[in-house]
Structures are given as structure tokens and as C-alpha cells.
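Chemist: Dumping the structure here so I can ask a few things about it.
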Amino acid sequence: MYENNFLAQNLRASSLGRDDAIFVKKEDGKTLSYGEFFKGAETYAAALAKLGVKAGDRVAVQVEKSIEVLQLYVGTIIAGGVFLPLNTAYTPTEIEYFLGDATPQVFVCTSKNKDALSKVAEKCGVAALETMDQDGSGSLPERARTQMAGFRAVERAKDDLAAILYTSGTTGRSKGAMLSHGNLWSNAAALKEYWHFTQEDMLIHALPIFHTHGLFVASNTTLAAGSSLNFMNKFDVDAIIEAMADATVLMGVPTFYVRLLTHEKLNKETTKNMRLFVSGSAPLLEETHMQWREKTGHAILERYGMTETNMNTSNPYDGERRAGTVGFPLPGVEVRIMDGETELPVGEIGSIEVRGPNVFQGYWQMPEKTKEELRDNGFFMTGDLGMIDEKGYVSIIGRSKDLIITGGYNVYPKEIELLIDDMDGVVESAVIGLPHPDFGEGVCAVIVKNGKDLSEDDVLSAMKNDLAKYKQPKRVFFVSELPRNTMGKVQKKALRDTYANTFSQ
Ligand code: AMP
């Protein structure tokens with residue numbers, strides 16, 4: 001029924017003839033079969049079509065996580081639309097930018113936000129404003145319930161758009177990454193193989209679904225393999241530990257693992273049914289990797305990806321999962337390390353570029369930006385700094401915009417963070433460059449300590465023998481926790497803003 005729709009057809013293929021197989025186990029213990037899931041998605045497709053969605057139209061969605069949102073995503077694809085999920089934390093002012101930029105045909109928000117957002121939607125010329133709530137109520141689910149399943153998928157080919165995801169962009173305007181049917185499917189198919197997903201798997205899904213990790217990596221891979229999801233509306237350590245009894249895979253951001261490690265029930269026994277723990281979206285501390293291995297006997301598999309490219313590299317399923325690295329390029333994906341126009345040899349740090357069927361089509365209505373970051377030969381300049389070692393393992397050194405230039409010298413924050421993290425009494429650290437009257441930028445460290453008595457002087461003197469003078473932090477600040485976004489990424493810009501005047505006082 002979806003033959004002419006590239007992504008929908010592929011996402012459905014593994015469950016054809018298996019309509020009774022369980023796709024989702026919900027928080028209330030109820031299950032949804034594959035047949036029920038797709039029937040529901042078809043009713044959403046029909047409802048969207050009635051609201052005027054045609055091939056290529058955007059459907060913007062800012063709602064709380066629920067399985068119905070996944071049905072809306074698949075329904076949008078079936079209806080030929082372009083799914084555009086928005087972070088639930090965005091304010092009406094931010095939403096105005098996204099709606100104005102993406103000009104969706106339909107915007108779906110929560111009932112709670114409807115009043116605040118209806119003016120915004122009207123101002124941006126959105127044809128239909130609908131609501132959808134976590135408990136399954138709202139105007140759009142109601143419309144969908146009055147529709148029949150069996151909607152004939154709208155024709156869409158491999159290179160047609162399936163989704164636009166706005167980058168979290170801490171500098172400048174957020175950019176809409178255009179992802180095609182082929183981009184999404186190629187990655188789901190690659191991950192299914194690489195991570196050995198089968199119909200026997202059950203994935204614990206506790207990630208948000210407005211981001212590539214929870215929406216595509218977790219959900220598309222599960223659909224591709226015909227596996228099932230234990231679907232949690234939010235991250236809850238107790239619930240995850242309990243779910244491990246009959247689940248097989250967990251995908252998480254590093255913070256998940258750090259929090260789970262504090263749980264008294266985390267041990268070899270509680271994780272014995274699990275076969276795979278995946279981490280990504282932010283760097284996993286080597287310490288966390290080691291502690292996890294000690295407590296559970298499992299080596300966390302770290303992978304690297306981003307909104308614009310889906311997943312690029314992964315540690316191996318069989319073979320050494322090397323802490324502090326993100327493994328090898330996925331099949332079909334090329335990774336190279338560049339200094340401007342020159343490709344760097346093994347072991348040297350430079351800008352990471354990637355090419356492959358996973359790489360996006362460009363930024364929505366930003367041809368100039370697209371040209372700046374996507375080369376004519378198909379390589380995308382990720383904005384990450386990294387290196388490849390002699391065995392082919394890729395390591396991420398940090399974002400290029402976090403590189404510190406002090407007195408004309410380049411300083412990679414990661415090099416200093418690793419040293420500090422190794423110190424007794426340190427939980428974790430973030431090294432940043434702050435405006436400095438003499439050096440341009442001065443190196444500073446922000447540290448979370450574990451209760452031990454540790455002073456600025458202790459840290460500064462510990463660094464003296466290990467680091468060249470220009471790399472040594474000039475100041476150290478202690479905080480109770482580092483600022484992080486929902487995906488667990490440390491917000492270095494927020495830190496730079498907080499301590500901006502350190503050297504000008
Ligand atoms: P996003 O587009 O929000 O998914 O963010 C993508 C960025 O997250 C990448 O460009 C990296 O800077 C970072 N990232 C993702 N996975 C990892 C990882 N395993 N280790 C370090 N950084 C990562």
C-alpha cells in the first residue's frame with residue numbers, strides 16, 4: 001500500500017505479514033501491535049490530507065512525547081508531508097521564528113500552549129492549528145479517530161524531503177536541516193545491520209522524540225528491524241532498571257548512564273537480559289565507560305552523529321569498543337580529517353568532514369549557509385574537530401567553535417579536560433576560552449568536584465608539569481553541575497557568558 005512512498009514502504013517492510021507482532025509496550029503496560037500502529041498512522045495521514053497537507057508540505061509539531069506522536073510522524077510521511085518536530089522547551093518567540101521560516105501547512109501544539117501560540121501561528125500564515133496532548137486527547141487525535149485506515153500513501157521518492165530538523169545552534173540563527181527519505185532510510189538500514197537488530201529485540205526508549213537520536217536512531221532502526229519498543233514518556237532511572245528485565249537494548253545520552261550508575265540495583269544480574277547499551281549525542285567520559293563495565297559487565301557502544309547527517313560512526317558490535325572514541329565510519333559513510341583544503345594524515349587533529357547517503361540535502365532556505373558547509377563533492381563540514389588513529393578509530397576533540405586561541409596558539413579544551421578529570425576529587429570539567437586583554441582568549445576551567453577539598457591552587461599547580469604554559473588554565477571555577485541541554489550536551493556558550501568578564505575586571 002505504500003509502494004510509491006520510499007520511506008514509508010521501507011519502514012513497513014519488516015512488519016508486513018506480522019501485524020500482530022508487538023511494536024510498542026507503553027508505560028501503562030498496554031501494547032500496540034505493528035498492525036495497530038500503522039493503521040493509526042494511516043488515520044493521521046488521512047486527517048492531515050483533510051487539513052490540506054500535500055506532497056512537500058511541512059507539518060510542525062511541538063508536543064509532549066507520546067506514541068501518538070510517532071504515529072503522527074509516520075502519518076506525515078505517508079501523507080507525503082515533511083515532519084518538523086520542535087523542542088518542547090521553545091518559547092512562543094522562538095516558535096515564531098520556526099513557523100515563519102518553515103511556513104508549515106499544519107502546526108500541532110499542546111492544548112495548554114494553544115492560546116499563547118494561536119496568534120503566532122496566525123501571524124505566520126499557518127493554515128491549520130491543531131492540538132495533541134500526552135494522554136492521547138486533542139483536536140488532531142480526534143480528527144484522526146474519525147478517519148478510516150487504508151490511506152493510500154502519497155508518492156515520494158528517495159530524494160524527496162521527509163523531515164526538517166532545526167539544529168540546536170548556539171550561535172546565530174537555528175538552521176533547518178533538510179533530510180530526505182533516502183537519508184533517513186539509509187541510516188536506519190545501516191544501524192540495523194551494524195548493531196545486529198532483530199525481531200527479538202526490545203529497545204528501551206526514554207529519549208525525547210523531537211531530536212534525531214530518539215526520533216530516527218531509536219525509532220527508525222526499531223521499525224527497520226521489526227523489533228519492539230518499551231516506550232517511556234520520560235527518563236526515569238527506576239523505570240529503566242525495571243524495564244531491563246525483558247528488554248535487550250538501551251539507547252541513551254551520557255547523562256542517562258551517569259544517573260543509572262548511581263542506582264543501587266544496577267548490576268550484572270539486572271542487566272543480564274540486555275545485549276547492547278548505546279551512547280551518543282555528547283561525549284561519554286572514559287570513567288563512565290569503565291564504571292559501567294565494572295558494574296554490569298557490558299561495554300557501552302559509543303557512536304557519533306548529528307542532526308545534519310544522522311549517524312556517521314560507531315564503535316564495533318564485535319570487537320573492541322574503545323572508550324573515548326566513537327569508532328569507525330558506518331558502512332557507506334566516509335570520514336576525513338581536514339585542515340582547510342588539505343586532508344590530514346592519521347593521528348593529526350583537524351576538522352571532521354563526512355560524506356554518504358546519510359548526509360542531508362542542505363539548510364532550508366539558506367543556500368549560502370549550505371554552500372559554506374556542504375562541499376560540491378558531497379563532503380559536509382561537521383564543525384567538529386577530531387582525529388583518526390592508526391587502527392581507524394575516530395575521536396572527537398570538540399566543536400571547532402570551542403577551540404581556544406590564546407596568544408595565537410590553538411588549545412583544544414579536551415586535552416585539558418582529560419587531565420583535570422583524572423585528578424582526585426574531580427567529577428567532570430569544561431574548559432573554555434574567555435576574552436583576555438593580552439592573549440585574545442584566556443584558558444579557564446569550570447569544575448564539578450566530588451565533595452573533596454580541592455582548591456583553585458591545587459588544580460593550577462597540578463597542571464604545571466603536564467601542560468605547556470599557554471595551555472594551563474589561568475582561572476578555575478567550581479560549580480555544582482555543568483549546564484547541559486536535554487541531549488546532555490554541555491553548554492559552553494552559557495559558561496562563556498557567565499564568566500565573560502573574568503579578565504576585564
Ligand atoms: P545534534 O545535531 O544536536 O545531534 O548535535 C551533534 C553534535 O553532538 C555533533 O556535531 C558532536 O559535536 C556532538 N556529538 C554527538 N555524538 C557525540 C559523541 N559520541 N561524542 C562527542 N560528541 C558527540
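Chemist: In region 1-74, which trypsin sites (Lys or Arg not before Pro) fall in coil by DSSP and have 11 or fewer other Cβ atoms within 10 Å?
Modeler: Those satisfying the criteria are LYS30.
Chemist: Ratio of the chain's C-alpha Rg to 2.2 N^0.38 Å, to two decimals?
Modeler: Its radius of gyration relative to the 2.2 N^0.38 Å reference: 0.99.
Chemist: Show me the three semi-axes of the equivalent ellipsoid for region 214-257, from the C-alpha gyration tensor (sqrt of 5 times each eigenvalue), largest first, rounded to whole Å. Walk me through the numbers before you get to the answer.
Modeler: Working: eigenvalues 66, 33, 15 Å².
Output for region 214-257: semi-axes of 18, 13, 9 Å.
Chemist: Eigenvalues of the Cα gyration tensor times 5, then square-rooted: what semi-axes does that give for region 388-428, in whole angstrom, largest first?
Modeler: Numbers: eigenvalues 78, 70, 15 Å².
Whole-Å semi-axes of the equivalent ellipsoid: 20, 19, 9.
Chemist: Take each of the peptides 460-466, 156-162, average the number of other beta-carbon atoms within 10 Å over its residues, and list them starting from the highest. Walk me through the intermediate numbers first.
Modeler: Numbers: 460-466: 13.0, 156-162: 18.7.
With the highest mean Cβ count within 10 Å placed first, the list reads 156-162, 460-466.
Chemist: Using a Debye calculation, one point per C-alpha and no hydration shell, please list log10 I(q)/I(0) for region 161-281 at q = 0.10, 0.11, 0.12, 0.19 Å⁻¹ in order.
Modeler: Each listed q corresponds, in turn, to -0.33, -0.40, -0.47, -1.04.
Chemist: Still on this model: For the peptides 176-188, 384-396, what is the packing order when you average, over each peptide's residues, the other Cβ atoms within 10 Å and list the highest mean first?
Modeler: Ranked by mean Cβ neighbours within 10 Å, highest first: 176-188, 384-396.
Chemist: Counting helices only, and only those DSSP H runs with n ≥ 4, report the 222 nm mean residue ellipticity of the chain as the sum of -39,500 (n - 2.57) divided by its residues, in deg cm²/dmol to the nearest 500.
Modeler: For the chain, the value works out to -8000 deg cm²/dmol.
Chemist: For Cα pairs less than 8 Å apart in space and 6+ apart in sequence, what is the mean separation divided by the residue count of region 361-505, i.e. the relative contact order in percent?
Modeler: With pairs under 8 Å counted, the relative contact order is 17 percent.
Chemist: While we're on this one: Express the Stokes-Einstein translational diffusion coefficient of region 114-228 in µm² s⁻¹, to the nearest whole number, given a Kirkwood radius over alpha-carbon pairs, 20 °C and a viscosity of 1.002 mPa s. If you can, show how the numbers build up before the last one.
Modeler: Working: Rh = 17.2 Å.
Answer, rounded: 125 µm²/s.
Chemist: Counting other C-beta atoms within 10 Å, and keeping those with at most 10, which DSSP coil GluC sites (Glu not before Pro) do you find in region 186-267?
Modeler: GLU264
Chemist: What is the fewest-to-most order of ASP402, ASP28, ASP19 by other Cβ atoms lying within 10 Å of their Cβ?
Modeler: Lowest count first: ASP28, ASP19, ASP402.
Chemist: Now, a different point. Return a whole-number percent for the relative contact order of the chain, with Cα pairs under 8 Å and 6 or more residues apart as the contact set.
Modeler: RCO, the chain: 10 percent.
Chemist: Further question on the same structure: Test of the criteria: in region 91-189, which GluC sites (Glu not before Pro) are in a DSSP loop and have at most 15 other Cβ atoms within 10 angstrom of their Cβ? Mind dumping the intermediate values first?
Modeler: Working: sites: GLU94, GLU96, GLU122, GLU130, GLU142, GLU155; in loops: GLU155.
The qualifying sites are GLU155.
Chemist: Let me ask something additional. Please give the Cα centre distance for region 468-485 versus region 173-248, rounded to the nearest Å.
Modeler: 34
Chemist: Moving on to the next point. Of the cross-linked pairs LYS401/LYS474; LYS391/LYS493; LYS401/LYS489, which ones have a Cα-Cα span greater than 22 Å in the structure shown?
Modeler: LYS391/LYS493
Chemist: How high is the relative contact order of region 1-71? Use alpha-carbon pairs under 8 Å, at least six apart in sequence, and give a whole percent.
Modeler: 20
Chemist: Expressed as a whole number of Å, what is the distance separating the alpha-carbon centroids of region 399-435 and region 256-316?
Modeler: If we compute the Cα centre of each part, the gap is 24 Å.
Since every read-out is calculated from the coordinates, none of them should be taken as a lab result. Here the structure is a predicted model, which is why all the values come from computation and not from measurement. Glycine gets a Cβ as well: all are built from the backbone with ideal geometry, and neighbour counts include every protein chain shown.
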